[in-house]
Amino acid sequence: MLLMTELTRLLGIKYPIIQAPMAGGPTTPELVAAVSNAGGLGSLGAGYLTPEQIRSTIREIRKLTDRPFAVNLFIPGKTNTPDETIQKMTEVLDGYREKLGIAVSPTLAKYEESFAEQVQVILEENVPVFSFTFGLPSSDIMEAMKQRGILLVGTATTVEEAVQLELAGVHAIAAQGSEAGGHRGTFMKKAEDSLIGTIALVPQIADRVSIPVIASGGIMDGRGLVASLVLGASAVQMGTAFLACPESGAHAAFKQRIMQSDEASTAITYAYSGKAARGIQTEFMKELKSYEGVIPEYPIQNAMTRDIRQAAARANNPEYMSMWAGQGLRLAGERTAAGTVELVMEQAEALVGKMSGRS
Ligand SMILES: Cc1cc2nc3c(=O)[nH]c(=O)nc-3n(C[C@H](O)[C@H](O)[C@H](O)COP(=O)(O)O)c2cc1C
């Protein structure tokens, strides 16, 4: 039995497992291709990549697999951070720069990559699936994608957001529960007012939309997959479960922390990027807690902490690195990506067999 669903048919994949896009390094071409080759859908987190990097990474993925895969971007928003707040944060961050021995008060050429140029590459490269988070692209972009046959997956953290995504014309919705690692995809209300657990979120979204729902957040094994399908999902999107795979580009110190952490190791923070995100707790997160409310908005804070995170990575010091991860950490393993997909499917099939009295 293959657990075929509406979404596996739509995406042309064998198993209802999507490896979550994870911007910032984990989703190497090797990881994306390995998951797609194993029968799932690999996803490239391209949010921080330049248009040229996106193009070359897509081409590398294509060298490694002829199966479908997704490319994911961040929808840009408006910022309203006063210069004075940026100045104050520069002073706070300079303390960390001094500790790490890097130049203080660096000038930043830009806060983020051009979304229009990133989208252009995705259109030109004609990727099979475009997924996105933090909002909705313009209807022109959605239309251009659809004309090329690119399938669209939007991220929702509430029923209201899911309804809006369906109205805008996406093909499927990634329902991101509050257990999820990484940035909150919330785009309608405040992130702290949109923290709904996966088990509550998925069936409520499934009841309100007619397109396939992808359950995401805290799903680590066959139990999570079967539970999600029972709740009305057509597939799962798993991030943390793939972070410690050998193919993942996550830093070695981050992989080590994943294997040592548990269900209570993470917290939601604004410290690294100015946008709510769940990660393994660090000194940096704890120390910046007192600045919450005066942290520059995303993407400003994200650009402002980049040199610190990079220096911490070079120094193998995870305390100043961002280590996005979900609450399922105790279930994380170091298997290969294909081994992870196979294990989840074996567990799920055994469970379904057991529940239907076949074993
Ligand atoms: C390290 C990391 C980076 C992430 N980056 C992205 C991203 O670039 N785009 C995105 O849509 N979601 C991103 N996410 C969120 C995932 O899509 C997904 O919601 C999450 O991994 C699900 O929860 P789990 O980690 O418990 O499986 C990221 C998650 C992690 C752990």
**Asked** If the cut-off is 28 Å between C-alpha atoms, which lysines fall inside it for LYS88, apart from same-chain ones fewer than 8 positions away?
**Response** LYS78, LYS99, LYS110, LYS189, LYS190, LYS275, LYS286, LYS289
**Asked** With each label point set 7 Å from Cα along the Cα-Cβ vector, what nm distance links LYS88 and ASN316?
**Response** 3.8
**Request:** Counting only DSSP beta bridges with both residues in the chain, tell me the antiparallel percent, nearest 5.
**Result:** 20
**Prompt:** Where does helix 83-100 land angle-wise versus the long Cα axis of the chain, in degrees 0 to 90, nearest 10?
**Reply:** 90
**Among 39-48, 132-141, the order from most to least packed when residues are scored by Cβ within 10 Å on average** = 39-48, 132-141
**Complete:** To the nearest 10 degrees, the tilt of helix 300-314 (Cα long axis) against the first principal axis of the alpha carbons of the chain is 90
**Item:** Rounded to 10°, Cα long-axis angle of helix 159-168 versus longest principal axis of the chain
**Value:** 80
**Item:** Most to least packed among 79-90, 111-122 [average Cβ atoms within 10 Å]
**Value:** 111-122, 79-90
**Item:** lysines whose Cα lies under 29 Å from that of LYS14, excluding same-chain neighbours fewer than 8 positions away
**Value:** LYS63, LYS146, LYS255, LYS354
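Any read-out appearing in this document is the output of simple, stated calculations on the displayed coordinates, not a laboratory observation. None of these values were measured; they are calculated from a predicted model. Reconstructed Cβ throughout: ideal geometry from the backbone, glycine too, with neighbour counts over all protein chains shown.
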